[in-house]
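Here the structure is laid out as structure tokens; the discussion comes afterwards.
The values are calculated or read from the model by the stated rules, or taken from the named source; none is laboratory data. Being a predicted model, the structure only gives us computed values, none of them experimental. Here the Cβ is made from the backbone with ideal geometry for all residues, glycine too, and neighbour counts use every protein chain on show. Heads up: the accessible areas ignore ligands, DNA and RNA and are worked out on the full protein's heavy atoms, side chains in. Shrake-Rupley method; radii C 1.70, N 1.55, O 1.52, S 1.80 Å.
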Amino acid sequence: MFVAGARPNFPKLKPVLDAFEARGCPTTFVHTGQHYDPALSEVFLDELGIRRPDRLLKVGSGKHGEQTARLMASFEPVVEELRPDVIVVAGDVNSTVACALVGAKLGCLIAHVEAGLRSRDWAMPEEVNRVVTDRLSDYLLAPSPDAVTNLEAEGYREDQIHLVGNVMIDTLKTNLDRAATRLPGLLQQFDLDKYGLVTLHRPSNVDDRERLASLIDALGTVSLNLPLLLPVHPRTKRTLAELGADLPPTLRLIEPQGYLDFIALQSGARLVMTDSGGIQEETTALGVPCLTLRESTERPITITEGTNELVGVEPSRIIESALRVLRDGVEPQCPALWDGKASERIADVIIEGGPARSRKRPTDL
Ligand code: UD1
């Protein structure tokens with residue numbers, strides 16, 4: 001059973017689902033409905049060619065406790081009805097942890113795609129979700145060696161940890177040619193030649209008006225040197241509306257983009273500035289410079305073996321770093337196993353059977 005709920009889950013689960021189907025393994029796909037706006041959900045299913053969910057739970061938004069509880073209450077009867085052997089969850093969103101917890105208690109094996117990432121910032125809801133989901137999982141599917149090191153340090157058994165590579169890059173490689181054909185049209189639509197791309201949606205950056213205002217101010221300054229496009233996440237839209245900020249015309253707010261258009265825009269950008277996790281990885285794979293507007297990252301490998309730099313949220317540092325990167329560029333490099341075959345390795349681990357398959361489940365005890 002494959003579970004997806006929020007925007008970043010779709011490109012992570014699609015290639016794994018394909019790899020299971022290609023091996024004749026029966027699958028079910030559950031969409032929790034954590035993200036329900038068509039721009040954050042349907043567009044992704046359509047563009048990535050993900051089949052319609054076998055079950056669509058309409059959990060929607062809410063406070064963390066409320067949303068997580070609704071996720072669990074709606075997911076439990078689905079597991080009881082369909083009795084999957086393995087539940088595959090991905091990433092660090094509330095749907096991930098909620099469904100892993102339900103599945104573990106009902107005796108299913110849990111496979112966590114993107115296990116072992118740690119920002120070490122316990123104030124991030126995603127960090128809590130990462131740590132708890134790993135603890136609930138039988139198969140810890142790590143995207144990079146730093147994730148393996150984190151899991152080992154936390155005491156996980158060697159037979160639980162599998163270094164498989166990065167599934168987001170599987171999807172990126174599959175779709176890159178298709179995405180590239182869209183770039184000329186997008187540049188025409190936005191009347192741009194050279195540009196930078198920005199995303200902001202972390203609660204720490206966008207829920208607090210003062211913080212968001214100071215980031216927008218810094219981005220406005222950068223945009224005087226390089227026009228910037230900022231697709232606005234619904235969460236950010238709310239605070240921006242409250243701020244009523246006066247933006248320079250070089251900082252363009254646009255609607256959230258679909259997968260293919262967003263990949264196209266990343267691949268053509270001179271510079272990407274973001275607080276997203278996945279975009280730090282995609283820019284590394286694309287060889288595009290990325291500045292991460294956060295104090296920590298759970299993806300340090302994109303700094304040591306990629307094109308990412310952690311610049312924090314101080315306006316002067318953001319502006320200075322952006323101008324430096326625009327002047328000097330960065331050396332493209334990409335971590336091992338970000339090769340488009342991570343999903344195949346995941347299917348090998350789970351279908352061909354690792355030691356976790358023979359592990360007693362709570363219901364057998
Ligand atoms: C979630 C994930 C985050 C991921 C991000 C990608 C958690 C804790 N966070 O954050 O890790 O990087 O998705 O987008 O799971 N909203 C809509 N329409 C939607 C979804 C949300 O308008 O389809 C609005 C609602 O007002 C909601 C707010 O956005 O309250 C936040 O949504 P939520 O799912 O709680 O978290 P995200 O900020 O999207």
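With both labels modelled 7 Å from their Cα along Cα-to-Cβ, the residue 247 to residue 63 distance reads 3.1 nm.
Place a point 7 Å from the Cα of residue 348 along the Cα-to-Cβ direction; which residues of segment 163-193 have their backbone N under 11 Å from it? Flagged as within label range: 163-165. Our estimate of slack between residue 204 and residue 42, defined as 0.36 nm per intervening residue step minus the Cα-Cα distance, is 55.6 nm.
Please compute the per residue accessible area over the chain with all protein chains in place, 1.4 Å probe, rounded to a whole number of Å².
Details: 15120 Å² over 365 residues.
So the chain comes to 41 Å² accessible per residue, rounded to a whole number.
Are there any trypsin sites (Lys or Arg not before Pro) in segment 1-98 that are in a DSSP loop and have at most 16 other Cβ atoms within 10 Å? List them by number.
In loop regions of segment 1-98 (DSSP not H, G, I, E or B), the sparsely surrounded trypsin sites (Lys or Arg not before Pro) are 23, 51, 58, 63.
Does segment 141-213 come out rounded, prolate or oblate by the C-alpha gyration tensor, with a ≥ b ≥ c the root eigenvalues, rounded set by a/c under 1.5 and, if not, prolate when a/b is larger than b/c and oblate if not? It comes out oblate by the Cα gyration axes.
Label point of residue 333 set 7 angstrom out along Cα-Cβ; within segment 294-312, amide nitrogens under 11 Å from it belong to 302-308. Over the chain, dividing the summed -39,500 (n - 2.57) contributions of all DSSP H runs of at least 4 residues by the number of residues returns a 222 nm mean residue ellipticity of -14000 deg cm²/dmol. Relative to the current alpha-carbon distance between residue 326 and residue 238, full extension at 0.36 nm per residue lengthens the span by 28.6 nm.
Assuming a viscosity of 1.567 mPa s and a temperature of 4 °C, what translational diffusion coefficient in µm² per second does Stokes-Einstein assign to the chain, Rh being the Kirkwood radius over Cα pairs? Using the Kirkwood radius from Cα pairs, D works out to 62 µm²/s. How far, in degrees from 0 to 90, does helix 209-223 lean away from the longest principal axis of the Cα atoms of the chain, to the nearest 10? Once rounded, the angle reads 60 degrees. In the chain, the longest principal axis of the Cα atoms and the axis of helix 94-105 are about 10 degrees apart.
For residue 271, the amide hydrogen comes within under 5 Å of the amide hydrogens of 197, counting only partners 5 or more places away or on other chains and with H modelled in the peptide plane. Note on the chain: with neighbouring protein chains present and a 1.4 Å probe, carbon and sulfur make up 51 percent of its accessible heavy-atom surface. According to the calculation over all Cα-Cα pairs in segment 174-328, the P(r) per 10 Å bin from zero is 11, 44, 37, 8, 0 %. Structural descriptor for the chain: relative contact order 17 percent, calculated from alpha carbon pairs under 8 angstrom and at least 6 residues apart.
For the pair residue 191 and residue 304 in one chain, pulling the backbone fully straight at 0.36 nm per residue adds 37.2 nm over the alpha carbon distance.
Working note: Karplus 6.51/-1.76/1.60 with θ = phi - 60° gives segment 68-84 the couplings 5, 5, 5, 4, 5, 5, 7, 7, 4, x, 5, 5, 5, 6, 8, 6, x Hz, where Gly and Pro are set to x. Loop-located trypsin sites (Lys or Arg not before Pro) in segment 89-186 (DSSP state other than H, G, I, E, B) with a sparse environment of at most 13 neighbouring Cβ atoms within 10 Å: 120, 157. Across segment 255-265, rounded Karplus estimates of 3J(HN,Hα) from the backbone phi angles (6.51 cos²θ - 1.76 cosθ + 1.60, θ = phi - 60°) give 5, x, 9, x, 4, 5, 5, 5, 5, 4, 5 Hz, Gly and Pro being marked x. The C-alpha atoms of the chain define a longest principal axis, and helix 234-243 lies at about 40 degrees to it.
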